[in-house]
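Okay, structure first, notes after.
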Amino acid sequence: MSSRQSFHHLYVILLLAAGGCAQFEWRKPGTAAADVERDQAQCTVQGRFEAHQRMPLQPSLAPQVITDQQGRTIVTQNTQPDSERFFLENSLLRQCMTKLGYTLQPSATAVRPE
């Protein structure tokens, strides 16, 4: 993983930690809620497709037997980490929505802690 990707992941983690349970939504002045939902759905599909093209799913390798800290035997599968594709999909979604003129803002209906 490059240092830029590491920084991006750290930024996302810090943003999530700072936001706690805050909810965000895409906004664009003068845009109906149905249009926002449609655009977000299209950008999500486009982001997933492009992420799959860049990072195709890898078939599972042979199972691996490991021992955890308590001495228990665990059988695991070696697979490509899904977190990398998750970050890529979300980055592509954000780029797509930004190109369409949207900004990501705190939700007006989010419950605020007292």
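Things worth noting here:
- Couplings for segment 23-36, taken from phi via the Karplus curve 6.51 cos²θ - 1.76 cosθ + 1.60 with θ = phi - 60°, read 9, 10, 9, 7, 9, 8, x, x, 9, 5, 4, 5, 5, 4 Hz in order; Gly and Pro are left as x.
- Distances between placed amide hydrogens fall under 5 Å for Phe24 paired with Ser107, all partners being 5 or more residues away or on another chain.
Any read-out appearing in this document is the output of simple, stated calculations on the displayed coordinates, not a laboratory observation. All values derive from a computational prediction rather than experimental measurement.
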